[in-house]
Amino acid sequence: MGLDGDPDDYGLPKVDIVVPDDARELDRDVIAYHREQRQRRRRERWRRLARPFTRYGIAAPFIASAVLVALISGVLMTVVSPRPTDHAIQVPPTGVVRHRPGDTGGALPPGNLIVNGQRMPVDTLINVAGLVLIVPRDCHCDATVTHLAQQAVGQGFQTWMIADGRSGRDADDVRRLADTVPRGDAIPAEDPGRLLSTTYRAAGLTAILVRPDRIVRDVIRGIQPDRDLTPDLRTLRTP
């Protein structure tokens, strides 16, 4: 620039340039410059955030609200909805099924019987495989009892005869009945506590089939005169 303030050789306009003597006088200008830069960057960030919504115009707030409602509904349904109940799978037992004493398939019930005036535990008297006959009163079954006892002897088994005290039959009747069986193949026993007749719910002439391990194989009630127990007695040898 010329010394008189006229345009210089390059044709630039006249500019007054003041150079301060102390650089600290420029602090306010520097602060203002940085403030303007921060405002510009802030405007740029807001512009970038709003850019996806500008394409939808006035519908953008509604779309955003619908998305927000859908998210909240999904979370609530996940939290509030009932959870499925785990159903336990029942596996049948693989071990040996144990029966209670007195049940078919179980041991003889604990208790005592009387033989020749001597009290004996049930499992001590009936200590081998055989046939236990519970005889009711007025059964008129002498021939049937003899026939059943002979069937047991034919299969190598013992027979016991017990009075059904519930019907009023006493031990003396059973002893007389046992005497009619040839060769003493039937052992009469007294059951004063009505243990066997009650436990096995005797009805009519009842037969209890006992295995060699003193487990009750079967209970047969209401035996008729022509009943053949041979097939049932043979099963006593099968575990």
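Please enumerate the residues belonging to the range 169-214 that are assigned to a loop (DSSP other than H, G, I, E, B) and under 19 Å from L229 (Cα atoms).
Residues of the range 169-214 that are assigned to a loop (DSSP other than H, G, I, E, B), as a first pass: 169-170, 180-181, 185, 191-194, 200-205, 211-214.
Correct list: V181, D185, Y200, A202, A203, G204, L205, R211, P212, R214.
Kindly indicate which of D179, D213 is surrounded by fewer than 17 Cβ atoms within 10 Å (Cβ to Cβ) and within 36 Å of the chain's Cα centre (by Cα). Outline the logic, then answer.
On the way: D179 fails: within 36 Å of the chain's Cα centre (by Cα).
It is D213.
Hey, among P61, P52, which residue is part of a helix (DSSP H, G or I), at pLDDT 65 or above, surrounded by 10 or more Cβ atoms within 10 Å (Cβ to Cβ) and not charged (D, E, K, R)? I'd like the intermediate steps shown before the answer.
On the way: P52 fails: at pLDDT 65 or above.
Answer to the check: P61.
Would you please name the residue that is farthest from P192 (Cα to Cα), looking only at residues in the range 128-145 that are touching a strand residue (DSSP E or B) at 6+ places or on another chain (Cβ under 9 Å) and surrounded by fewer than 18 Cβ atoms within 10 Å (Cβ to Cβ)?
Residue satisfying both the conditions and the ranking: V128.
The values are calculated or read from the model by the stated rules, or taken from the named source; none is laboratory data. Computed from a prediction, not measured in an experiment: that's the story for all the values here. No Cβ is skipped: glycine too gets one built from the backbone with ideal geometry, and neighbour counts run over all protein chains shown.
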